[in-house]
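Notes follow once the structure below has been shown.
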Amino acid sequence: MSIKKYMTIDIIILTGIACALEAANVWIVGIFKNELFTLSITVAVALIIMMRWKWPAVITAAAGGLVYCLSSFASFEQYLIYGAGNTAILLNLLFFKVINPREVCSSAWLSALFCITGFVSVLIGRTLFSLVAVFDFANIILLAASDALNIVMGLIIILIARRQKGLFENQLDYLKRNREETEMFYE
């Protein structure tokens, strides 16, 4: 299988999981009226994809936001805030300009920082699109508050993912290492 095909399948599977759980989240939270907090793993999964493949993480982030809006019968403004706002996750690629991805994978502290900056990037995007769409500063506080629990959950997911062989790792490095290990085994 080619790297491109492997990457495509990997992104489709992880994005599908994020979107399915996003829809389930809306359904479950819908049972509890006026709930401020929602549970979402979209940003955490997008960050795992960012570590694995870099920029394609934007696909998962935007898809998760759109599925959230579609599942909750959102207004046009919410599609803009969550769908387009989530694309600001790409700002987190700047993290790799400062710190090598291998160092992020091997350090719990750097992995946690990577996760937090990812959520901050998404919050910046949602805030900017919120100001354009509804120009309501109170909405910014609601956006930040609604993601408070998701940041904690995202930290847990990232810290667990980094402990799994190859899950929270650049896939080209992982495949190369796997190939070398396999070749050594058969020698």
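The values are calculated or read from the model by the stated rules, or taken from the named source; none is laboratory data. All figures in this text were calculated on a predicted structure; none of them were measured in a lab. Here the Cβ is made from the backbone with ideal geometry for all residues, glycine too, and neighbour counts use every protein chain on show.
Exactly one residue out of S146, S107, S121, S130 is more than 25 Å from I3 (Cα to Cα), surrounded by 13 or more Cβ atoms within 10 Å (Cβ to Cβ) and touching a Phe, Trp or Tyr at 6+ places or on another chain (Cβ under 8 Å), and it is S146.
So which helices (runs of 4 or more DSSP H) stay within the range 46-127 end to end and still have 2 or more residues that are under 27 Å from Y174 (Cα atoms), among the aliphatic types (A, V, I, L, M) and in contact with a Leu (Cβ under 9 Å, 6 or more places away or on another chain)? It would help to see each step written out before you state the result.
Details: elements: 57-71, 95-98, 101-106.
Correct list: 57-71.
Mind checking which residues of the range 1-25 are among the aliphatic types (A, V, I, L, M), in contact (Cβ under 8 Å) with a residue 24 or more places away in the chain and surrounded by fewer than 20 Cβ atoms within 10 Å (Cβ to Cβ)? Across the range 1-25, the qualifying residues are I3, M7, I11, I17, A23. Give the range 129-155 a look and list any residue that's part of a helix (DSSP H, G or I), farther than 17 Å from V43 by Cα and at pLDDT below 85, or say none. Passing the criteria: A133, F137, A138, N139, I140, I141, L142.
Just to be sure before I move on: is V45 in contact (Cβ under 8 Å) with a residue 24 or more places away in the chain, surrounded by 13 or more Cβ atoms within 10 Å (Cβ to Cβ) and either touching a helix residue (DSSP H, G or I) at 6+ places or on another chain (Cβ under 7 Å) or not acidic (D, E) (or both) in the structure I sent? Spelling it out, V45 is indeed in contact (Cβ under 8 Å) with a residue 24 or more places away in the chain, surrounded by 13 or more Cβ atoms within 10 Å (Cβ to Cβ) and either touching a helix residue (DSSP H, G or I) at 6+ places or on another chain (Cβ under 7 Å) or not acidic (D, E) (or both).
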